[in-house]
Each structure stands twice: as C-alpha cells, then as structure tokens.
Amino acid sequence: MADDHVRVTGVPTGLFIGGQWRAASGGATFAVRDPSTGEVLAEVADATPEDGTAALDAAAAAQESWAATPPRTRSDILRRAFDLALEHEDDLAALMTLEMGKPLAESRGEVTYGAEFLRWFSEEAVRIHGDYRTNPEGTGRGIVLRRPVGPVYAITPWNFPLAMATRKIGPALAAGCTVVLKPAELTPLTTLFLVELFRRAGLPDGVLNVVPALDAKGLSAPILADRRLRKLTFTGSTPVGSALLKQAADTVLKTSMELGGNAPLLVFDDADLDQAVEAAMQAKFRNVGEACTAANRFFVQEGIADAFTAALTAKVDAFRIGRGTEDGTTMGPLIDDRAVDKAAALVDDAVQRGARLVTGGERVDRPGTFYAPTVLDDVQPGSDILTTEIFGPVVSITRFATEEEGIRLANDTEYGLVAYAFTGDFRRGQRLAERLETGMLGLNTGVVSNAAFPFGGVKSSGLGREGSHEGIEEYLESVYVLTPDP
Ligand code: ADP
C-alpha cells in the first residue's frame, strides 16, 4: 500500500489462495476509491488468469476433505464466522461505507442482514438429509443421498459487498462445497476482510479462496472452462448473467443467477396511506436505490395518487445528502459517474416524454458522485425509465384506474424479481400473489430480504433461490441408490 491517499489500513489487500494471503502473480494492483470524494482508499492485488487457476487448484484440492468434514464442524466454523462478523460490525460497516458510499447506519444494517446468512446456514449444515423410498410397484427400495456439488465459483456485485458474499459462501460451505470468490472490483475491501474473518474462524486452507481482479471476464473465462468447477453462482446484471450462462453451457455447469429487476410498486385506493409511504421509501431509497429489489415503477391508483405523491415527496425532500461517514447523512453518493449519468438520462428522457418533475432531477454540486433524490409523476408509456433498472434515487409514478390495469402494467416487463403492493383488501392481496409475475412479493411491506426466505426471481431476473432451506439445495446433488426388495 504505497499510495499517499491510503486511509484504510489493517485490511488485507492481497489474494487469498490455499490459506495464504499473497500478491498477484504479476505484482499488479488496482485502486479502490471512495465514491463520496473520488479519493483512493487502497490498492488491491489484481489477480491474473493464472491466479484464478491457482485458486481453483486450491479449491479442487480441498473439496474432498471439506465434503468429508463432519457437518457439525462445518457448522461450528460458520457460526464462529458469524460471531466474528458481529464482533467486527463497526469495521465491516466502515469499510462498506468507505468503498460503496451508503450511510453508516445502512452499512450496519447490512452487517446484521449479511451475517445472518452465516448463522442461518450454520444451522442448515447439520440438517442435510436424504431419504429411503419404495418404488410404486413395491419391488425395490431407493436410498437418496445428498452430496455437495463440488467446487463453486461465486461472482458478487458492489451494491451489497458483504451480504451478497455471505449469501453464497454460507450455503456453499454448509453443503460441503469449496469456493473461489471474485468480489466486485469497485468494492473488494469488505469481502477481503470477511475472508480474513473466515481464516480466523478456523476454515481449513483452500476451502475459501478470493481473487479480486479488474478484468472480470479475463479472470473468469478459464475458471468457467475448467471441468473441475461444478457450480457457478452469480449476482449482477442480466446481460453479464446471460453471457455467463452461455459460457456455463460448454461444461454443463450448475448455475444460480440473481440478475436484474424492474420491481413494480402498486398502491391501491384502499391502502393505508402512511404505511404505504413509509414502506415505499424503504423499497425505493434503501441503498440509494442501488438494489435489484429497488422499487423501479410506482403504479398508483387514481383515488389515492395525489395524496400519496404529496406525502412521499415531503419525505424525499427531507433527505440529508452527504458522505456516509458524516453524522446525520441519510443519503450517500451513487457508486460512480456512470451511475449518475444513467439516472440523469432516465429522468431527462421521462420529462421529455411528458412526465412531471415534482422534486430533484439534478446532480448535486459537490465532489463525489451524487444525484438528488427525485420524484416524477405521470410518467408516460414508452419512457426508458419504465424498462430500465434505474439503480438510483428516482421515483417514477404512473397512475392507473383498475386492478386489472395495475396487474397488466406491473407484468409488462421482461423482469420478475420482486413486486410490492399496498392494499387493505386481503383477497386482493391473494389475487396479486397469484397473478403478479414475480419471485417475491412485499404485501404492505417495503423490504423482502431475509435469510430465512427464498430470494430469487422469475423471467430474466434469474434462476434459483438464495437463503432459506431452498438456498442450500443449489449446492447439493441427489444421488439415488436402487436396492432390491428386501
Ligand atoms: P453491475 O452493472 O451492477 O456492476 P455487473 O453484472 O457488471 O453488474 O457486475 C457484477 C459482477 O460481475 C462484478 O463482480 C463484475 O466484476 C462481474 N463481471 C462483469 N462482467 C463479467 C464477465 N464478463 N465475466 C465474469 N464476471 C463479470
């Protein structure tokens, strides 16, 4: 760490391969920056494709013994990692805020949420069971075993640097799989510190390896082509997920994909207004809107629309923008210039097509990559904002008349990760649960993420589920043994 601007110390910045922290084979590093100032926080080792293969070598070498490690031992290590993550809540939260920008209170929330995957899967590790069956003819008996799928390659995004890693590492390790992890190049520090906590928790060498790299594609291609790899788990954008699925097809790799969203948020006339506004604020502005679960398209029924927009706008205007490390900040920067340009372009396009700008709609004049929280009303069909994942603090409101129209508008997207709906009518809620094309529905609530429930989407939002008992299934194979009639 030779740079003058380095302010993060005591956090590993190397590659972790086979239980050792080390430099990249070419000695190269890349800079990690604070999005609220643009300053360099640290230089991190830039893994080469050879380093990626070395990480897979280590994972493959450790696979057999890790799979044979008693479930209770695997469980205890995950539990120790959970305890260590909570002990280091302040460190993890500070790292996330520095490299990603969200206010410290939100980063602390991510530590609680992210660490929970370690506790949850430490509990699941000892509950992996097969069964014993009789065939319908009554002539044979089958024993079904559950076995770990094998070495896993996990690719994570920058928006939840801790939780997206634990949501994959937790179930993989619980199931008995070894892991090569590639964190997002924008936010590797949190992940590197997490991996160090696993080392301190007593994880055997080679079970978890981490390879940050600037050239994600160059690093990943040889790993994905290697037949020792048995599983790919990815969270990120739909175009990259789709490209990875094509690569995975070559070796018929088992895959889990958590991809983009375009969440509808429906507010019906019979909703509790205060509750709907409060929850909508969370659904939209958690993580500055940089979440695949962020409410992207608000559809508000005509009878409640004026009151809803007014109440929401009052809350939006109350945000305090600043560095996430400053006291009182309730909204930090976006991750980079590209994110600000995208939000600005979507707002401009919507306004040009007839939307009404209620508040915001501009960049914030200060260092760092900030965009003002924005509300658009009467967004018109054909606006880019209705088909694009905003990933920023922009509310797009369209009004609708009937339930049928609301459902049609909500389903008019290639995505299907999460939907939110606010109504006082339980039977309407049931109808929505059955008809909205979504993997998750927040009914009168604005946050669905929870380690105990299956997170995932339908349509172009992905394949597979993370969290809950379903989450561990993604890392297990069934092997069935037919035996004769006794
Ligand atoms: P975002 O747009 O949110 O940054 P991406 O899908 O680009 O989402 O990135 C998510 C993760 O995927 C990051 O870790 C990134 O480095 C990685 N990634 C991006 N492109 C590729 C690729 N072609 N192959 C493998 N990983 C990739």
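The values are calculated or read from the model by the stated rules, or taken from the named source; none is laboratory data. In this text the structure is predicted, and so the values were computed from the model without any measurement. Virtual Cβ from ideal backbone geometry, glycine too; neighbours counted across all protein chains shown.
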**OP:** Test Glu99 against the stated conditions and say whether it is within 16 Å of the ligand (Cβ to nearest atom), buried (at least 16 other Cβ atoms within 10 Å of the Cβ) and over 26 Å from Arg230 (Cβ atoms).
**Re:** yes
**OP:** Filter region 395-437 down to residues that are free of Cβ contacts under 8 Å to residues at least 40 places away in the same chain and not in a helix (DSSP H, G or I) and give me whichever is surrounded by the fewest Cβ atoms within 10 Å (Cβ to Cβ).
**Re:** Thr402
Original post:
In this structure, does Thr325 turn out to be over 26 Å from Val418 (Cα atoms) and hydroxyl-bearing (Ser, Thr, Tyr)?
Top reply: yes
Original post:
Out of region 312-334, which residues are among the hydrophobic types (A, V, I, L, M, F, W, C), surrounded by fewer than 17 Cβ atoms within 10 Å (Cβ to Cβ) and more than 25 Å from Asp34 (Cα to Cα)?
Top reply: Ala314
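Might you let me know whether region 241-251 holds any residue that is of a type in the set (D, E, K, R) and either farther than 23 Å from Gly462 by Cα or near the ligand (Cβ under 9 Å from one of its atoms) (or both)? Quick ask: steps written out before the conclusion?
Within region 241-251, the first condition is being of a type in the set (D, E, K, R), and the residues that meet it are 246, 250.
Narrowing further to those that are either farther than 23 Å from Gly462 by Cα or near the ligand (Cβ under 9 Å from one of its atoms) (or both): none.
Checking region 241-251: not a single residue is of a type in the set (D, E, K, R) and either farther than 23 Å from Gly462 by Cα or near the ligand (Cβ under 9 Å from one of its atoms) (or both).
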Original post:
For Val179, which of the numbered conditions (1) in contact with a Lys or Arg (Cβ under 9 Å, 6 or more places away or on another chain); (2) away from the ligand (no atom under 16 Å from the Cβ) fails to hold?
Top reply: (2)
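Do you know which residues across region 438-462 are assigned to a strand (DSSP E or B), in contact with a Gly (Cβ under 7 Å, 6 or more places away or on another chain) and closer than 18 Å to Ala421 by Cα?
So the first thing to find is which residues in region 438-462 are assigned to a strand (DSSP E or B), and the list is 440-443, 455, 458-459, 462.
Imposing the further condition that a residue be in contact with a Gly (Cβ under 7 Å, 6 or more places away or on another chain) reduces the set to 443, 455, 458-459, 462.
Listed by number, the residues that qualify are Leu443, Phe455, Val458.
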**OP:** Mind counting the residues in region 156-183 that are farther than 30 Å from Gly332 by Cβ and surrounded by fewer than 24 Cβ atoms within 10 Å (Cβ to Cβ)?
**Re:** 0
Original post:
Any residue in region 339-355 that is at pLDDT 95 or above, buried (at least 17 other Cβ atoms within 10 Å of the Cβ) and in a loop (DSSP other than H, G, I, E, B)?
Top reply: yes
Original post:
Mind checking which residues of region 444-464 are buried (at least 17 other Cβ atoms within 10 Å of the Cβ) and either among the aromatic types (Phe, Trp, Tyr) or without any contact (Cβ under 8 Å) to a residue 40 or more places away in the chain (or both)?
Top reply: Phe455
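Among residues belonging to region 252-278 that are within 16 Å of the ligand (Cβ to nearest atom) and in a loop (DSSP other than H, G, I, E, B), point out the one that is farthest from Thr413 (Cα to Cα). Break it down into steps so the answer makes sense when it comes.
Going residue by residue through region 252-278, those that are within 16 Å of the ligand (Cβ to nearest atom) are 253, 255-263.
From the residues that got through so far, the ones that are in a loop (DSSP other than H, G, I, E, B) too are 253, 259-262.
Values: Leu253: 28, Leu259: 14, Gly260: 11, Gly261: 9, Asn262: 7 Å.
Among those residues, the one meeting the criterion is Leu253.
Residues to consider are Thr166, Thr187, Thr139; find the one that is within 12 Å of the ligand (Cβ to nearest atom), in contact (Cβ under 8 Å) with a residue 12 or more places away in the chain and of a type in the set (Val, Ile, Thr).
Thr187
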Subject >> Candidates Leu92, Leu86, Leu41, filtered to the one that is in contact (Cβ under 8 Å) with a residue 60 or more places away in the chain and assigned to a helix (DSSP H, G or I) >> reply: Leu92
Original post:
For Pro188, all conditions in the list (1) under 24 Å from Gly260 (Cβ atoms); (2) touching a Leu at 6+ places or on another chain (Cβ under 9 Å) hold save one; what is the number of the exception?
Top reply: (2)
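Looking at Tyr153, is it of a type outside the set (D, E, K, R), within 16 Å of the ligand (Cβ to nearest atom) and either surrounded by 24 or more Cβ atoms within 10 Å (Cβ to Cβ) or farther than 20 Å from Gly464 by Cα (or both)?
yes
Table: residues versus (1) touching a Pro at 6+ places or on another chain (Cβ under 8 Å); (2) of a type outside the set (S, T, N, Q); (3) surrounded by fewer than 24 Cβ atoms within 10 Å (Cβ to Cβ).
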residue	(1), (2), (3)
Gly202	no, yes, yes
Asp226	no, yes, yes
Phe234	no, yes, no
Pro239	no, yes, yes
Leu245	no, yes, yes
Leu259	no, yes, no
Ala263	no, yes, no
Ala295	yes, yes, no
Original post:
Do any residues in region 465-476 that are closer than 11 Å to Ala174 by Cα have Cβ atoms under 7 Å from those of residues that are part of a strand (DSSP E or B), where the two are at least six apart or on different chains, and which pairs are they?
Top reply: Tyr475/Pro148; Tyr475/Val152; Tyr475/Lys231; Leu476/Arg146; Leu476/Arg147; Leu476/Pro148
